[in-house]
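Peer 1: This structure is in structure tokens; I'll ask about it shortly.
Each value in this text was obtained by applying a stated rule to the coordinates, not by laboratory testing. This one's a predicted model, so the numbers in the text were calculated from it and none came from an experiment. With ideal geometry, Cβ positions are generated from the backbone for all residues, glycine too; neighbour counts draw on all protein chains shown.
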Amino acid sequence: MHWTVLVLASGLLVVTVALDNGLMRTPPMGWLAWERFRCNTDCERDPKNCISENLFTDMADRLAEDGWRELGYVYITIDDCWASMQRDEQGRLQADPKRFPRGIHRLSRYMHDRGLKLGIYGDMGTHTCGGYPGTPLDKIEVDAQTFADWEVDMLKFDGCYSNTAEQEQGYPRMSKALNATGRPIGYSCSWPAYQGGLPPQVNYGLLAKICNLWRNYADIQDSWDSVLKIVDWFFDNQEVLIAAAGPGGWNDPDMLIIGDFGLSMEQSRSQMALWAIMAAPLFMSNDLRTISSGARSILQNKMAISINQDPLGLQGRRILKEKSGIEVFWRPLSNDASALLFFSRRNDMPYRYQTSLSKLNYTTGIYKVNDVFSGKSVTLKDSSNFVVSVNPTGVVMWYISAPAKPRPLPHQFSRGGRFEEFGRGDLANAIPPVFL
Ligand SMILES: *[C@@H]1O[C@H](CO)[C@@H](O)[C@H](O)[C@H]1NC(C)=O
Ligand SMILES: *[C@@H]1O[C@H](CO)[C@@H](O)[C@H](O)[C@H]1NC(C)=O
């Protein structure tokens with residue numbers, strides 16, 4: 001099948017299914033506390049790094065002041081361990097009074113004043129994974145209303161301490177309850193991760209109707225090994241997952257750990273690129289107060305973000321797994337553009353991978369190629385062989401514009417356009433043999 005046929009087929013598939021709350025038409029972006037800050041509640045000994053309102057206002061200040069918000073990173077999301085161990089007299093959840101003295105409503109106002117949004121965490125079950133009060137079936141409506149009263153913008157709904165039958169009732173019921181509050185609240189469901197992530201246990205058609213994003217698989221940890229496990233699972237199961245995703249409903253391979261301790265710069269670029277191919281939510285879990293400039297520039301890479309945020313919302317796929325350890329990924333983008341990603345699973349040295357666009361099923365002539373991380377660009381004829389040098393555990397990522405018209409009229413060249421060489425008929429010879 002030619003790519004355009006695939007694009008059309010999957011495009012039709014997604015139009016019909018997404019949750020109709022108007023939210024997250026592109027994958028949500030922001031910051032989420034869990035991976036970096038876990039359930040650290042020891043504010044006496046570790047005041048800067050404990051789960052407290054100061055942590056969230058600190059991160060909000062960074063998003064607002066360091067150029068993140070303008071790029072789309074707008075959700076600040078609280079994870080587990082924010083709540084008091086007791087509900088209030090009316091049976092409502094309340095924040096831990098020592099660590100959140102001003103309460104969650106003041107925190108969401110703080111976000112809104114800065115053009116940001118607040119996400120909060122709950123758990124479908126008797127307790128959260130960290131042992132805090134959960135949301136059993138009989139508390140779903142009251143908790144949804146509490147979150148709406150606090151003007152929260154997103155709910156991450158975990159699934160510890162509930163069984164399959166309870167989850168089957170609880171996740172759709174929370175979706176209805178959120179809708180009934182009248183406040184648009186993005187809804188992140190951990191449900192599929194508790195059911196093994198695959199059909200027949202997981203009904204992706206239903207998930208897309210009730211959730212804006214869903215965690216399919218295990219939690220990410222601060223290591224390359226963890227990133228690889230997630231990537232392999234998502235692409236090994238890509239046929240199922242691609243069909244589920246689209247505007248308003250996204251597969252969530254979990255947080256970005258770029259800027260933490262476990263990834264090299266190469267691996268950080270790889271995570272960013274692979275998450276862009278997957279149309280994954282981009283929730284960073286890192287310390288924005290101390291992040292290195294290298295990690296920041298990867299996370300703030302505009303071309304990677306625009307690939308991730310492409311309005312068509314089609315999740316990309318792995319198209320080749322070479323014996324050499326090079327894997328090639330492809331994602332169709334709007335305006336007939338696409339992203340190509342070359343990923344090295346090797347551990348020895350930069351590998352010179354030779355191919356051509358035709359071998360990767362690009363068959364309509366001449367393409368403009370922008371390298372996402374080097375910023376270089378070049379034009380490539382479909383049949384021309386080229387070599388990319390891919391570093392160990394690293395990537396080369398390309399944004400590929402729509403093909404040029406095969407035979408443009410002479411006047412279209414009159415302003416010295418970039419296809420002049422093609423007009424002279426020797427573009428293939430003009431392509432440098434190595435392009436990085
Ligand atoms: C190119 O398309 C053909 C025909 O649909 C398919 O068999 C092949 O796997 C594709 N190649 C790549 C690299 O995607
Ligand atoms: C509730 O659902 C209806 C029907 O799907 C939709 O039109 C409406 O926008 C939703 N409201 C909220 C607040 O999510």
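Peer 1: Rounding to the nearest 20 debye, state how big the charge dipole of the chain is about its Cα centre with +1 on each Lys and Arg Cβ and -1 on each Asp and Glu Cβ.
Peer 2: Around 1460 debye, computed over the chain.
Peer 1: Can I ask one more? Among Ser223, Ala244, Tyr132, pick out the residue whose Cα is farthest towards the positive end of the charge dipole of the range 3-308, where Lys and Arg carry +1 and Asp and Glu carry -1 on C-beta, about the Cα centre.
Peer 2: In the range 3-308, that residue is Ala244.
Peer 1: When Rg is the radius of gyration of the Cα atoms in the range 245-287 and Rh is its Kirkwood radius, what does Rg/Rh come to?
Peer 2: Rounded to two decimals, Rg over Rh is 1.00.
Peer 1: At 0.36 nm per residue, minus the direct Cα-Cα distance, what do Glu65 and Asn347 gain on full extension? Give it in nm, one decimal, please.
Peer 2: 97.7 nm
Peer 1: Compute the Rg/Rh shape ratio of the range 39-163: radius of gyration over Kirkwood radius, all on alpha-carbon atoms.
Peer 2: Over the Cα atoms of the range 39-163, Rg/Rh equals 0.97.
Peer 1: Mean residue ellipticity at 222 nm from the helices of the chain, using -39,500 (n - 2.57) per DSSP H segment of n ≥ 4 over the full residue count, to the nearest 500 deg cm²/dmol?
Peer 2: Dividing the helical sum by the residues of the chain leaves -8500 deg cm²/dmol.
Peer 1: Non-local amide H neighbours of Leu282 (under 5 Å, H modeled in plane, Pro and chain starts lacking H): which ones?
Peer 2: Met29, Gly30
Peer 1: A further question on this structure: Long-range amide H contacts for Trp250: which residues qualify at under 5 Å (H placed 1.01 Å from N, peptide plane, sequence gap of 5 or more or a different chain)?
Peer 2: Leu213, Trp214
Peer 1: Still on this structure, please answer the following. Quick one: give the max-minus-min coordinate of the C-alpha atoms of the range 3-308 along each principal axis, largest first, in Å.
Peer 2: Here the Cα extents, ordered largest to smallest, are 58, 45, 33 Å.
Peer 1: Assign one of three labels to the range 278-350, namely rounded, prolate or oblate, based on the Cα gyration tensor with a ≥ b ≥ c the square roots of its eigenvalues; rounded applies when a/c is under 1.5, prolate when it is not and a/b is larger than b/c, and oblate otherwise.
Peer 2: Cα axes put the range 278-350 in the oblate bin.
Peer 1: Quick one: Cα centre-to-centre distance for the range 386-404 and the range 273-299, in angstrom?
Peer 2: 20 Å
Peer 1: Among Trp34, Ala280, Gln309, whose Cα sits farthest toward the positive end of the charge dipole of the chain (+1 at Cβ of Lys/Arg, -1 at Cβ of Asp/Glu, about the Cα centre)?
Peer 2: Farthest along the dipole direction, towards plus: Gln309.
Peer 1: Where does the Debye-calculated log10 I(q)/I(0) of the range 183-231 sit at q = 0.31 Å⁻¹, using only Cα point scatterers of equal weight, no solvent?
Peer 2: Those come out to -1.10, one per q.
Peer 1: Something else about it: Testing the spin-label approximation: label points 7 Å from Cα along Cα→Cβ at Lys323 and Asn54. State their distance in nm.
Peer 2: The two pseudo-label positions are separated by 5.9 nm.
Peer 1: OK, next. Can you give the charge dipole size of the range 301-383 about its Cα centre, rounded to the nearest 20 debye, using +1 on the beta carbon of Lys and Arg and -1 on the beta carbon of Asp and Glu?
Peer 2: 200 debye
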